[in-house]
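No value in this document is a laboratory result; all are computed from the given coordinates. These numbers were taken from a predicted model, which means no experiment stands behind them. Virtual Cβ from ideal backbone geometry, glycine too; neighbours counted across all protein chains shown.
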Amino acid sequence: MEYFLQQLINAVTLGSIYGLIAIGYTMVYGIIGMINFAHGDVFMIGGFMSLIGFLLCAMLGISSAPLAVVLVLLLAMAFTAVFGWTIERVAYRPLRGSFRLAPLISAIGVSIALQNYVQLAQGARPKPHTSLVQGGFTLYSANGFDVRVSWLQIVIVVLTVALMAGFTLVIGRTALGRQQRACEQDMKMASLLGVNVDRTISLTFMMGAALAAVAGMMFMMYYGVIDFFVGFLAGIKAFTAAVLGGIGSLPGAILGGLLIGLIEVFWAAYFSSEYKDVAAFGVLVLVLIFRPTGLLGRPELEKV
């Protein structure tokens, strides 16, 4: 039981990181009906910007951990938001009226370009970092085994829940959210009614990219290492989480992320870590066979 509880805590933490990335996927898909396959690399850039930000804080003598975390988080979110705007402006907007595979191919090209850009700029070797958020407490002890929860794990889970609730309120209660929902239903009609479609879509990309920066920072602090290729696999798993939970649903993205985290961690803990990815994608296949819209997704109704 002690070992199970410890793995459950680890799984929820990892699933929260996947969920944060998956929200970006599901927001972009919800408004334009396409997948931003460069989103995982934006997550990677957010991790690198966090690392650079912490090094700058050390150079400037900022020793307060909460202040350094907040400053670096704002820096990373602002930087990746610019990347999100650029991706939409360069890879998606010119091809919005083209056939559906064109933006997909363009996004894959942007993903490769971002990977190589970071590899050339930062080098191919993994970059280690010691997290500023240290310590934790023992939740439960038995049979010589301590179930520990770190403060960083608590921060990751609480931040994920808070961001999901915040973005849900933004989409459901604000003018921007109404514009996003209008563009999702019918871009041409939304444009005729005065909605600035281009600006709304750009803001959606920027919001998703800012969330990816949060996930990249939490990932880098939690695992203590970042490299130029980490965004590929994390992005694929987060996309899997978004599809598993129901693409287009923010709670579904978090639920899918938690499920992927649970499957990975428990499979690695009780079976073989070499096949944890196989297990995660196998569960996705089973869910899509019996529920093609995902766990919380709704079927698309096309009115004629």
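Which order do 193, 5 fall in if you start with the one that has the fewest other Cβ atoms within 10 Å?
On the way: 193 10, 5 15.
Starting with the residue having the fewest Cβ neighbours, the order is 193, 5.
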Angle in degrees between helix 175-185 and the longest Cα principal axis of the chain, rounded to the nearest 10: 70 degrees
Net length gained if the chain between residue 102 and residue 56 were fully extended (0.36 nm per residue, minus Cα distance): 12.6 nm
Over the chain, relative contact order from alpha-carbon pairs under 8 Å, at least 6 apart, %: 37 percent
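Kirkwood Rh over alpha-carbon pairs of the chain, then Stokes-Einstein at 37 °C and 0.692 mPa s: what D in µm² s⁻¹, rounded to an integer?
165 µm²/s
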Euclidean distance between Cα centres, the stretch 121-178 to the stretch 228-270, Å: 15 Å
Rule-of-thumb Rg ratio for the stretch 1-141 [Cα; 2.2 N^0.38 Å; N residues]: 1.28
Ranked by how many other beta carbons lie within 10 Å on average, peptides 10-18, 39-47, 117-125 from highest: 39-47, 10-18, 117-125
Under-5 Å amide H pairs with residue 140, H placed in peptide plane, nonlocal only: 147
Hz values of 3J(HN,Hα) by residue in the stretch 114-129 - Karplus curve (6.51, -1.76, 1.60), Gly and Pro given as x: 5, 4, 5, 4, 5, 4, 6, 7, 10, x, 8, 6, x, 9, x, 7
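Based on the Kirkwood radius over alpha-carbon pairs, what is the Stokes-Einstein translational diffusion coefficient of the stretch 210-284 at 10 °C with 1.306 mPa s viscosity, in µm²/s?
Details: Rh = 13.0 Å.
After rounding, the answer is 122 µm²/s.
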Cα Rg over Rh - the stretch 107-252, Kirkwood: 1.06
Interchain or long-range residues, amide H under 5 Å from residue 226's placed H: 127
Potential extension, residue 125-residue 199 segment - 0.36 nm per residue separation minus Cα distance: 22.8 nm
